[in-house]
Amino acid sequence: FETSSSSSSSSSSPLPAVFGVSWDPFSSSVVAVASRESIIGIDKRARDKAFAINHAHSLAVRSLDYSPSSHHSLCTGGDDGCIRSWDLRRPTKANSRMIASAHTHQTLCVRYCPASDKLLASSGS
């Protein structure tokens, strides 16, 4: 979405219910968007999807964060209480790593440690 545009229309096909966004630290033109149960990577240069993971969680994805030190790594947390780690070169559930029941209810926020992609912080209920 362009912030300098005077037009109220930000996209030809608006996204439903956006719960979180994260800029790729290695490519300033790519942003990951949490929308319902899915994750969509948007390349603003190409105005197209960089990747899409449908049904990434069984309930809504609430938070996502790119690894600050590992290319192609993204973590997500959702209303299903799980945390998932994704390799965006092969963005399928079968290739993701999951921490099942990281929280009893929702995982509201996930963040990589700025110094190590081996550490995650999360909050939830």
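The values are calculated or read from the model by the stated rules, or taken from the named source; none is laboratory data. Since the model is a prediction, treat every value here as computed from it, not as a measurement. Heads up, the Cβs are rebuilt from the backbone with ideal geometry, glycines too, and the neighbour counts pull from every protein chain shown. Quick note on the areas: whole protein, heavy atoms, side chains included, nothing else; ligands and nucleic acids left out. Shrake-Rupley method; radii C 1.70, N 1.55, O 1.52, S 1.80 Å.
Taking a probe of 1.4 angstrom, what is the accessible area of LEU119 in Å², to the nearest 10?
Accessible surface of LEU119 is approximately 100 Å².
So, with +1 on the Cβ of K and R and -1 on the Cβ of D and E, and no other charges, what is the size of the charge dipole of the chain about its Cα centre, to the nearest 20 debye? All intermediate terms of the calculation are to be shown ahead of the outcome.
On the way: 13 positive and 10 negative charges, 41 e Å.
The dipole of the chain has a size of about 200 debye.
Just to make sure I understand: if all protein chains stay in place, what is the order of THR92, THR76, THR104 by accessible area at 1.4 Å, largest first? Intermediate values should be presented prior to the final figure.
On the way: THR92 65, THR76 0, THR104 120 Å².
Most to least solvent-accessible, the answer reads THR104, THR92, THR76.
Where a Cα-Cα gap under 23 Å defines reach, which lysines qualify for LYS93, not counting those fewer than 8 residues away within the same chain?
LYS49, LYS118
What percentage of the solvent-accessible surface of the chain, computed with a 1.4 Å probe over protein heavy atoms, is contributed by carbon and sulfur atoms?
Working: 3690 of 7330 Å².
Using a 1.4 Å probe with all protein chains present, the chain comes out at 50 percent carbon and sulfur.
Can you work out the accessible area per residue across region 40-113, with the rest of the protein chains kept in place, probe 1.4 Å, in square angstrom? Write down the numbers at each step before the final one.
On the way: 3900 Å² over 74 residues.
Per residue, region 40-113 has 53 Å² of solvent-accessible surface.
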